[in-house]
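Structure, as structure tokens:
The values are calculated or read from the model by the stated rules, or taken from the named source; none is laboratory data. Please read these numbers as outputs of a predicted model, since none were measured by experiment. Quick reminder, even Gly has a Cβ in these numbers, built from the backbone with ideal geometry, and neighbours come from all protein chains shown.
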Protein chains: 2
Amino acid sequence: MVERMVVVGADAAGMSAASQARRRRRSTSDLEIIAFDRGSYSSYSACGIPYLVGGAVDDVDALIARTPEEFRRDFDIDVRLRREVTAVDLDARTVRVREVDGGDEETVGFDTLMIATGSVPVCPAVPGADATGIHGVQTLGDGVALRDGLAGVRRVVVVGGGYIGLEIAEAMVTRGIDVTVVDQGPAPLRLLDPDMSAMVAEAMTGLGIRLEMGRTVTAFETGADGAVRAVVAGDRRLPADLVVLGIGARPNVALAEEAGITLGPSGGVAVDHRMRTSADGVWAAGDCVESHHLVSRKPVVIALGTHANKQGRVAGINIGGGYATFPGVLGTAVTKLCDLEIARTGLNAHEAAAAGFDHVEAVVESTTRAGYFPGAQPITTKLLAERRSGRLLGGQIIGREGAAKRIDVVATALWHEMTVEAMLNLDLSYAPPFAPVWDPVLIAARKAAEKVERGGV
Amino acid sequence: MVERMVVVGADAAGMSAASQARRRRRSTSDLEIIAFDRGSYSSYSACGIPYLVGGAVDDVDALIARTPEEFRRDFDIDVRLRREVTAVDLDARTVRVREVDGGDEETVGFDTLMIATGSVPVCPAVPGADATGIHGVQTLGDGVALRDGLAGVRRVVVVGGGYIGLEIAEAMVTRGIDVTVVDQGPAPLRLLDPDMSAMVAEAMTGLGIRLEMGRTVTAFETGADGAVRAVVAGDRRLPADLVVLGIGARPNVALAEEAGITLGPSGGVAVDHRMRTSADGVWAAGDCVESHHLVSRKPVVIALGTHANKQGRVAGINIGGGYATFPGVLGTAVTKLCDLEIARTGLNAHEAAAAGFDHVEAVVESTTRAGYFPGAQPITTKLLAERRSGRLLGGQIIGREGAAKRIDVVATALWHEMTVEAMLNLDLSYAPPFAPVWDPVLIAARKAAEKVERGGV
């Protein structure tokens, strides 16, 4: 009998899994693969959405890695869009599928189930939250709707000052739209330490983005037409023709939870290092799962395309009969806001304390190239190390052209639990157009190592 | 009694050692430090010389990290330029010092000796090699002399197609000078594999640089005034108003050797992991020493400013009473030729074979940013892995803006003896302005891992 793999969610995690399974089991008479997605697009770059909204990318097709037709032609994978999987019956080994347009339902059997349901945007549960003109930016469909809804818009309020919120804010500025970012925290990008995020706030303000920090959204004011007119945040009323929700997202676990599949303490679907859920023959990957944080050793949900692709690949190899594992995550992230590059990995000061680490910090100002070389740009590098052992705990980088990608060296060092002292001997590349003779990352490591040697002073 | 540290060579290695020793022994009544250099500059960026010659950097002072006055003021280090140390007497614990201008000599005692004599350029032992107009580019003095000798020069021949040779060739093109590079090998940059160096050759030719590969210089033709007029290479006569020697350099070990200090099999001064030579109280670092190659596990001489700084730092910490080690090198190197970025680390195919590794290769074409993102540039990434184990052996990258610094991730992975399979899970940063969702390095690792899994086919 033909075995059937059903994939729920046809984006990065689901389709990586499907493709890898197919690589190992080439014949459709051996393994049939069907992928359902409630949206209108398969396998797209969610991280590209802000650039579609801002206009740096003008063709929505450019964000689509593979269409359903390509999956069918090249991989014999049957991708069915606008089909929502509404229930899983683990005993009967079936999923219930509803057509988004029309509402017809059917029951489809599976042998292997791949859950890649992604995440759902967090929306403040306040009056007016169902007004028109309030946009999420979770799916490519959301992105297209937002972009197409910008005609005539003069004022936008972005709720949430995280990566996506700021990227969308920049997109709005690029389009000449007046934009305000409102956030509960004291500064944008809470994934950075306050000293670093202050630099981001300053740059954002310099771009003409208004920041309303330390404010909680209490209501959306709507007009007679049901469209949003303003965001109310504490004693502020922020007029808005359009609102974007960039507060964050939570793992979309409803389907798994209702099927009786175990969730982890962080709220994501619990998986082992091979991406197996608690249910036999059911796998999960991507934004909906919980990952192991390699520094804090705690379960975390970190929604990133890189993890989704890697986890999906691991699940697919295992489903296909191979062996692969996903060891965990470091929380590496990067973004570019106009010409400001921002990156982080591992634990920030707050997270280090929460994970029980007593740490030292080193912050250094340097340049992306040799100081005397034309085009040298400022770069601020911060490293955190455990006070007692000198073990690297995390890093943050803010700078101009050529700054941020250096975080990958910090991430790779972190992966191997290096001490800041040991990092000093890393044989990194040097030539005047690329770095000072001591790369900024190494200068920061040296300063941190000196603090550790002095007992953390 | 005051202890005295004598440093021979006041550039990266020597002055790093002196500064670190001073950091730990602050008082001149405890430790006196005297550094001698036969040249006219202290602590400069030798790697910046091509940019001085090309005019990207126009102030020679910009290349000097610290002047003798600054060393005296900030570190209580006595730097004496244009003083050549001509002999070391290990029994008497003295060095013989000759004034370059004037020839006066003196004998100076030491308790600790730091040998940082650098390297000397290789010059073909052929007729006419002593002609005027033939320039080395080893020291900042050489660089200034070369730059100042360019007035009226129309045709330059660069002998040697390594990094420095090509950087100088680019500098000449920048100045509108007709330039030919002649080299014995089949392609420039022999540190790369032929498939990669062919790309460099094509780019160099595109810049208008003439390459005369596979040719050995047999003579320098000189005019009646003793100035070079042409380079004779096999059956070719290459007219030249000026010649630059970029063939390479060998460790400058004469002083150490004559003193009876042990040299290693590679020809550099032998040192242990704390940078101690065979002689008690005598240390060495930089271009003149032999290093341990962490992949081949063989002794090598690799003249790079990064190593010089690191080794000098380690020696200085140890001399100052601390404890530090230098584990070895990977041979990481990077250069930029116009807008072409070129980098390598670890072993290339030839070196892997010589070290006894049976290897597989993966070469991938990708982009520096998400393919759809404005400014995405081509990048070719090559990784070598051991066939049997999948252990990473080396990497090479050629591409445009944003390509080359990725070699640092390969270097850090190599440092930890990662397999290409294990590299796939590295939590590297991703956002569309910085990388495709699978970074080019990871795409190459994936392709290599697939080859290893298939048994190397």
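Residues of the range B:291-313 being farther than 25 Å from B:L140 by Cβ and either not hydroxyl-bearing (S, T, Y) or not assigned by TED's automatic domain parsing to the domain that holds B:V88 (or both), which ones? The answer is B:H292, B:H293, B:L294, B:V295, B:R297, B:K298, B:P299, B:V300.
Does A:L166 satisfy being part of a strand (DSSP E or B) and closer than 30 Å to A:A353 by Cα? So that I can check it myself, show each step before the final result.
Numbers: part of a strand (DSSP E or B): no; closer than 30 Å to A:A353 by Cα: yes.
It is false that A:L166 is part of a strand (DSSP E or B) and closer than 30 Å to A:A353 by Cα.
Could you check the range B:28-102 for strands (runs of 3 or more DSSP E) lying wholly inside it with 2 or more residues that are surrounded by 15 or more Cβ atoms within 10 Å (Cβ to Cβ) and touching a Leu at 6+ places or on another chain (Cβ under 9 Å)? Steps first, please.
Working: elements: B:31-37, B:77-81, B:83-89, B:94-99.
It comes to B:31-37, B:83-89.
Looking only at the range A:178-188, decide whether some residue is modelled with pLDDT under 95 and in contact with a Leu (Cβ under 7 Å, 6 or more places away or on another chain). Within the range A:178-188, one or more residues are modelled with pLDDT under 95 and in contact with a Leu (Cβ under 7 Å, 6 or more places away or on another chain).
Just one of (1) modelled with pLDDT of 95 or more; (2) out of contact with any His (no Cβ under 7 Å at 6 or more places or on another chain) fails for B:S291. It is (2). Selection within the range B:440-451: residues that are out of contact with any Ser or Thr (no Cβ under 7 Å at 6 or more places or on another chain), surrounded by 22 or more Cβ atoms within 10 Å (Cβ to Cβ) and touching a residue at least 60 places away in the same chain (Cβ under 8 Å). The member of this set that is farthest from the other protein chains (Cβ to nearest Cβ) is B:A448. Scanning the range A:103-110 turns up one or more residues that are assigned by TED's automatic domain parsing to the domain that holds A:S16 and crowded, with 18+ Cβ neighbours inside 10 Å.
Just one of (1) without any contact (Cβ under 8 Å) to a residue 12 or more places away in the chain; (2) farther than 30 Å from A:G305 by Cβ fails for B:P374. It is (2).
Could we say that B:L146 is in contact with a Pro (Cβ under 8 Å, 6 or more places away or on another chain), surrounded by 15 or more Cβ atoms within 10 Å (Cβ to Cβ) and either in the same structural domain as B:I34 (by TED's automatic domain parsing) or not in a loop (DSSP other than H, G, I, E, B) (or both) here? Write out each step before concluding.
Numbers: in contact with a Pro (Cβ under 8 Å, 6 or more places away or on another chain): no; surrounded by 15 or more Cβ atoms within 10 Å (Cβ to Cβ): yes; either in the same structural domain as B:I34 (by TED's automatic domain parsing) or not in a loop (DSSP other than H, G, I, E, B) (or both): yes.
Criteria not met by B:L146.
Any residue at all in the range B:354-361 that's in contact with a helix residue (DSSP H, G or I) (Cβ under 8 Å, 6 or more places away or on another chain) and within 8 Å of chain A (Cβ to nearest Cβ)? For the range B:354-361, residues in contact with a helix residue (DSSP H, G or I) (Cβ under 8 Å, 6 or more places away or on another chain) and within 8 Å of chain A (Cβ to nearest Cβ): absent.
Here B:D272 meets the list (1) charged (D, E, K, R); (2) within 13 Å of chain A (Cβ to nearest Cβ); (3) free of Cβ contacts under 8 Å to residues at least 40 places away in the same chain almost entirely, failing just condition (2).
Looking only at residues that are of a type in the set (S, T, Y) and either assigned to a loop (DSSP other than H, G, I, E, B) or more than 28 Å from the chain's Cα centre (by Cα) (or both) in the range A:368-421, which one is nearest to the other protein chains (Cβ to nearest Cβ)? Across the range A:368-421, the extreme among qualifying residues is A:Y372. Among the residues of the range A:319-329, are any in contact with an Asp or Glu (Cβ under 7 Å, 6 or more places away or on another chain), more than 12 Å from chain B (Cβ to nearest Cβ) and farther than 30 Å from A:P378 by Cα? No, there is no match, as no residue in the range A:319-329 is in contact with an Asp or Glu (Cβ under 7 Å, 6 or more places away or on another chain), more than 12 Å from chain B (Cβ to nearest Cβ) and farther than 30 Å from A:P378 by Cα.
Yes or no: the range B:233-245 includes at least one residue that is out of contact with any Asp or Glu (no Cβ under 8 Å at 6 or more places or on another chain) and either assigned to a helix (DSSP H, G or I) or within 14 Å of chain A (Cβ to nearest Cβ) (or both). Quick ask: steps written out before the conclusion?
Just the residues of the range B:233-245 that are out of contact with any Asp or Glu (no Cβ under 8 Å at 6 or more places or on another chain), to begin with: B:234-235, B:239-245.
Within this subset, residues satisfying the condition of being either assigned to a helix (DSSP H, G or I) or within 14 Å of chain A (Cβ to nearest Cβ) (or both) are none.
No.
Taken over the range B:141-180, the criterion of being touching a helix residue (DSSP H, G or I) at 6+ places or on another chain (Cβ under 7 Å) and free of Cβ contacts under 8 Å to residues at least 40 places away in the same chain is satisfied by B:V179 alone.
Here is a list of conditions, (1) in contact with a Ser or Thr (Cβ under 8 Å, 6 or more places away or on another chain); (2) at pLDDT below 95, and B:R26 meets all of them except one; can you say which number that is? The failed condition is (1).
Which one is farthest from B:T94 (Cα to Cα) among residues in the range B:1-10 that are at pLDDT 95 or above and not in a strand (DSSP E or B)? Spell out the reasoning first.
Of the range B:1-10, the ones at pLDDT 95 or above are B:3-10.
With the extra rule that they be not in a strand (DSSP E or B), the set shrinks to B:9-10.
Working: B:G9: 16, B:A10: 18 Å.
Among those residues, the one meeting the criterion is B:A10.
Identify all residues within the range B:1-47 that are among the β-branched types (V, I, T) and in contact (Cβ under 8 Å) with a residue 40 or more places away in the chain; write none if there are none.
Residues satisfying the conditions are B:V6, B:V7, B:V8, B:T28, B:I33, B:I34.
The residues listed here are B:A303, B:A308; of these, the one that is more than 8 Å from every other protein chain (Cβ to nearest Cβ), under 26 Å from the mean Cα position of the chain (by Cα), part of a loop (DSSP other than H, G, I, E, B) and touching a residue at least 24 places away in the same chain (Cβ under 8 Å) is B:A303. Scanning the range B:372-390 for residues that are β-branched (V, I, T), closer than 30 Å to B:G268 by Cβ and at pLDDT 95 or above turns up nothing.
Mind checking which residues of the range B:332-351 are in a loop (DSSP other than H, G, I, E, B) and at pLDDT below 95?
B:C338, B:D339, listed by residue number.
For the range A:338-352, a residue qualifies if it is of a type in the set (A, V, I, L, M, F, W, C), under 29 Å from B:P374 (Cα atoms) and buried (at least 24 other Cβ atoms within 10 Å of the Cβ), and the qualifying residues are A:I342, A:A343.
Screening A:A230 with (1) more than 26 Å from the chain's Cα centre (by Cα); (2) in a loop (DSSP other than H, G, I, E, B) gives one miss only, at (2). Taking the range A:103-131 as the range and being in a loop (DSSP other than H, G, I, E, B), in contact with a strand residue (DSSP E or B) (Cβ under 7 Å, 6 or more places away or on another chain) and within 24 Å of A:A303 (Cβ to Cβ) as the test, the residues that pass are A:A116, A:T117, A:V122, A:C123, A:P124, A:V126, A:A129. Residues that are under 17 Å from A:G226 (Cα atoms) and surrounded by 19 or more Cβ atoms within 10 Å (Cβ to Cβ) within the range A:115-130 comprise just one, A:G128. Against the definition (free of Cβ contacts under 8 Å to residues at least 12 places away in the same chain, in contact with a Lys or Arg (Cβ under 7 Å, 6 or more places away or on another chain) and either in the same structural domain as A:T345 (by TED's automatic domain parsing) or not hydroxyl-bearing (S, T, Y) (or both)), how does A:A385 come out, yes or no? It is false that A:A385 is free of Cβ contacts under 8 Å to residues at least 12 places away in the same chain, in contact with a Lys or Arg (Cβ under 7 Å, 6 or more places away or on another chain) and either in the same structural domain as A:T345 (by TED's automatic domain parsing) or not hydroxyl-bearing (S, T, Y) (or both). Here B:A435 does not qualify as of a type outside the set (S, T, N, Q), farther than 20 Å from A:M418 by Cβ, in contact with a Leu (Cβ under 7 Å, 6 or more places away or on another chain) and outside the structural domain of B:I302 (by TED's automatic domain parsing).
Being more than 26 Å from B:R369 (Cα to Cα), within 13 Å of another protein chain (Cβ to nearest Cβ) and not in a strand (DSSP E or B): is that true of A:Y430 here?
On the way: more than 26 Å from B:R369 (Cα to Cα): no; within 13 Å of another protein chain (Cβ to nearest Cβ): yes; not in a strand (DSSP E or B): yes.
No; evaluated as a whole, the condition is false for this residue.
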